[in-house]
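K.L.:
One structure, as structure tokens, below. Some questions next.
The values are calculated or read from the model by the stated rules, or taken from the named source; none is laboratory data. Since the model is a prediction, treat every value here as computed from it, not as a measurement. Neighbour counts are summed over all protein chains in view; Cβ atoms, including those assigned to glycine, are modelled from backbone coordinates with ideal geometry.
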Amino acid sequence: MKRFILTTLLTFGLLSAGTLTAADTYSVDGSHSDVSFKVRHLVSQVRGHFDTFDATIVMDEENLENSSVTFTVDAASINTRNEDRDKHLRSEDFFHTEQYPEITFTSSSVRKVADGKFQVVGTLTMRGVEKKITLPVSFHGAIQDPWGGTTAGFSVETVLDRQDYGINWNKAMDQGGFVLGDEVAIEINLETKLQTPAEG
């Protein structure tokens with residue numbers, strides 16, 4: 001009886017271990033990644049970045065239900081290369097970072113649409129507003145890097161309406177129109193490192 005119990009527990013343990021290691025977990029290499037945006041200002045485009053962010057990507061191409069993405073951005077790390085403008089962007093007129101210090105995305109499902117192309121559905125929370133969105137994610141492959149690890153690349157390009165998240169500040173121009181556009185183009189490029197290698 002003891003032998004049966006021991007064998008059962010060992011078998012369950014091996015199955016559990018196989019389940020836990022079936023998916024690869026990647027974390028962001030911040031020094032080789034970028035989170036940027038651009039928005040219309042008058043008749044041109046202003047570009048900016050967030051300097052501080054983190055993400056965990058769990059990827060299991062054979063069982064996509066095991067895949068997930070969590071992404072966090074430090075809203076106060078916004079950087080448009082203009083100190084006064086960045087201070088305004090941190091204020092209540094825009095991101096209100098004192099009250100809402102983080103922008104987060106948490107996935108709820110992942111669907112493959114083509115080789116290296118995925119649709120990731122999840123909740124984006126910004127300035128206290130939660131919205132369900134679908135992000136088009138490109139997977140650029142994984143390679144063995146020169147330091148003995150595994151490096152994988154992911155990217156996202158999408159457009160958000162800032163007013164959907166309560167970022168409404170604008171200024172009317174005398175000749176008509178407004179100073180800022182509402183649509184914000186987002187570009188995310190992530191170089192990531194494998195944390196939990198898959199085991200067969």
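K.L.:
If I ask for residues that are among the β-branched types (V, I, T) and over 14 Å from S67 (Cα atoms), which ones from region 99-134 would you list? So that I can check it myself, show each step before the final result.
P.N.:
Initially, region 99-134 is screened for residues among the β-branched types (V, I, T), giving 103-104, 106, 110, 113, 120-121, 123, 125, 129, 133-134.
Listed by number, the residues that qualify are I103, T104, V113, T123, T125, V129, I133, T134.
K.L.:
In region 30-45, which residue that is aliphatic (A, V, I, L, M) and at pLDDT 95 or above is surrounded by the fewest Cβ atoms within 10 Å (Cβ to Cβ)?
P.N.:
Going residue by residue through region 30-45, those that are aliphatic (A, V, I, L, M) are 35, 39, 42-43.
Then keep just the ones that are at pLDDT 95 or above; that gives 35, 39.
On the way: V35: 24, V39: 17.
Once the filter is applied, the top-ranked residue is V39.
K.L.:
Moving on. Tell me yes or no: at least one residue of region 80-92 is modelled with pLDDT under 95 and of a type in the set (A, V, I, L, M).
P.N.:
Checking region 80-92: not a single residue is modelled with pLDDT under 95 and of a type in the set (A, V, I, L, M).
K.L.:
Residues that are touching a Leu at 6+ places or on another chain (Cβ under 7 Å) and closer than 20 Å to A152 by Cα: list the strands (runs of 3 or more DSSP E) wholly contained in region 55-140 that include at least 2 such residues.
P.N.:
The qualifying strands (runs of 3 or more DSSP E) are 102-114.
K.L.:
A further question follows. Just the residues that are farther than 30 Å from R85 by Cβ, over 13 Å from the mean Cα position of the chain (by Cα) and in a strand (DSSP E or B), please, taken from region 141-173. Steps first, answer last, please.
P.N.:
Here is the first cut: in region 141-173, the ones farther than 30 Å from R85 by Cβ are 141-153.
In the following step, the residues that additionally are over 13 Å from the mean Cα position of the chain (by Cα) were identified as 141-152.
Within region 141-173, G141, A142, I143, Q144, T150, T151, A152 meet the criteria.
K.L.:
Within the bounds of region 85-94, is there any residue that is surrounded by 15 or more Cβ atoms within 10 Å (Cβ to Cβ), at positive phi and of a type outside the set (S, T, Y)?
P.N.:
No, the conditions are met nowhere in region 85-94.
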